[in-house]
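These notes concern the structure reproduced below.
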Amino acid sequence: MNFKINFLLSTGRQSEVTVEEGTTLLEAAARAGAAVEGNCGGKGTCGKCKVRLTEKSTAAPTETEKRLLSAEEIAGGWVLACQRTVTDDLTVEVPGQSDAFQRKISLTEDDGDIEAEPVVRKIELTLDPPTVKDQTADLERLLEQLPRGLRCPHRLLTGLPQKLRQEKFSVTAVIGPERLIEVEPGQTGSSLYGVAFDIGTTTIMGSLHELASGKTLAIGAATNPQNVYGADVISRITYASTNDGGLERLQRKVVEALNAIIGELVREAGIAGDEIYEAVAVGNTTMSHLFLGVDPTYLAPAPFVPAYRRPEALEAAEIGLAINPGGQVVLLPNIAGYVGSDTLGVILATGLEQRRDRCAVIDIGTNGELALAAGGRILTCSTAAGPAFEGAQIKHGMRAADGAIEAVQIVEDEISLEVIGGTRPRGICGSGLIDAAAVLL
């Protein structure tokens, strides 16, 4: 039997989903696109997936709910989404959490000293039209004026005759390594854009750039919606490998989030999504696998073997990314099972590989990575930083969002707190915990 679950979101929006009897509210929320915290991946250990039932439930609280919720919360209709299964139509209130994206965005607003060398470029052409004496086929006529060895995807070939004739054989070819990306009627060489993504376990960052100059046009961010299946990579690997359709759901979640960011970026810049011809992404090794829909099962147990490590490139249409369908999507190479392309991005951005002195760079996120340059080598390692600080086994732990205590000081024997968003404290994030430990010592 199926039941309807209506989720009331803090934004005022509603999201309804129909699920089978016995489905947990946490799984129902994930299918509905409702952002419910799922730090422990539904194991019933973190107590973060609190939602409120608008009508009193006849079901008694579970032992886990009695342990992790207060008596007042239980009386007020609060339940743990991972503990409650669907047995009737329900309306469920989801508490809001506003992540502190602006802090990360402000760190990426400086273009620095960039000398752009785009691999995707445009070539404007005016071709001789065919005649009785020149019956060269359309594709060959175009390729004769382009660098040798380019491949034309079937997708482009189907509409090529009309595109060439729309502006009387005045066209612009968009080319990447070894293939045509797009053929556009007219002279469109001034519109050439790309997007870059850092697919974090908790937060996804995206930026829109002019490919010719490297100039940043817009920056956006979103919470990684996969977090409903667990705050850490092991939880998500477990979900992907033990649930039918789990890998496909995780991939769909991250692609939807990237497309939402792309929508924000193009609106801010006043361009069309089809004018984006390249997307470059980095992430830890698990996030890279999930983005491509690659089975991550064997990343979890020793010897922690990834399915691939080299760079991967594909067309946007293959994974449904909302840029030009032929746009080139590139993932930088991973380094190891738990050191991904995001760490490689940090190394390149900081110029660590060019240092001759001993130098370390540390990236503290949900996953914490360290790269050390010394003796002509670069050594890397990683650890689970976010879950350790922000909620895995800490009752009031939370990520850096509105209401999180981010700094703790003792001023004249009084404890002074800094809270993100200037609101009433709801919990404490990693930087606040480090501060608290420091001042207590």
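The values are calculated or read from the model by the stated rules, or taken from the named source; none is laboratory data. A quick note: this is a predicted structure, and the numbers were derived from the prediction, not measured. All Cβ positions, glycine included, derive from the backbone under ideal geometry; neighbour counts span all protein chains shown.
Identify the residue in the range 1-26 that is in contact with a strand residue (DSSP E or B) (Cβ under 7 Å, 6 or more places away or on another chain) and not in a strand (DSSP E or B) and, among all such residues, is farthest from Ala400 (Cα to Cα).
Filtering first and then ranking leaves Glu21.
Go over the candidates Ala281, Ala260 one by one and state the one that is small (Gly, Ala, Ser), buried (at least 24 other Cβ atoms within 10 Å of the Cβ) and not in a loop (DSSP other than H, G, I, E, B).
Selected residue: Ala281, the only one of Ala281, Ala260 that is small (Gly, Ala, Ser), buried (at least 24 other Cβ atoms within 10 Å of the Cβ) and not in a loop (DSSP other than H, G, I, E, B).
Identify, please: which residue in the range 94-130 is at pLDDT below 95 and of a type in the set (Ser, Thr, Tyr) and is, among those, surrounded by the most Cβ atoms within 10 Å (Cβ to Cβ)?
Thr108
Report, ordered by the first and then the second residue, all pairs with beta carbons closer than 6 Å, sequence separation of six or more or different chains, a first member in the range 419-435 that is assigned to a helix (DSSP H, G or I), and a second member that is among the small types (Gly, Ala, Ser).
Hits for this filter: Ile420/Ala100; Ile420/Ala404; Asp435/Ala407.
Kindly list, by first and then second residue, each pair from a residue in the range 143-164 that is outside the structural domain of Ala317 (by TED's automatic domain parsing) and free of Cβ contacts under 8 Å to residues at least 24 places away in the same chain to a residue that is of a type in the set (Ser, Thr, Tyr) and surrounded by 10 or more Cβ atoms within 10 Å (Cβ to Cβ), limited to pairs with Cβ atoms under 9 Å and residues at least 6 apart or on different chains.
Final answer for the pair search is Glu144/Thr136.
Sort out which residues of the range 217-276 are over 24 Å from Asp402 (Cα atoms) and polar (S, T, N, Q), and write them in order of number.
Ser235, Thr238, Ser241, Thr242, Asn243, Gln251, Asn259
Would you mind finding the one in Ala385, Ala371, Ala317, Ala336 that is small (Gly, Ala, Ser), touching a residue at least 40 places away in the same chain (Cβ under 8 Å) and buried (at least 17 other Cβ atoms within 10 Å of the Cβ)?
From the options Ala385, Ala371, Ala317, Ala336, the qualifying one is Ala385.
Is it true that Ala71 is modelled with pLDDT of 85 or more, over 26 Å from Gly365 (Cβ atoms), outside the structural domain of Arg252 (by TED's automatic domain parsing) and within 25 Å of the chain's Cα centre (by Cα)?
When the stated conditions are applied, Ala71 does not pass them.
Give the residue, chosen from Gly376, Gly427, that is over 30 Å from Cys49 (Cα atoms), outside the structural domain of Ala221 (by TED's automatic domain parsing) and either aromatic (Phe, Trp, Tyr) or modelled with pLDDT under 90 (or both).
Gly376
Among the residues of the range 393-412, count how many are modelled with pLDDT under 85, part of a loop (DSSP other than H, G, I, E, B) and over 21 Å from the mean Cα position of the chain (by Cα).
5
Yes or no: Ala302 hydrophobic (A, V, I, L, M, F, W, C) and surrounded by 15 or more Cβ atoms within 10 Å (Cβ to Cβ)?
no
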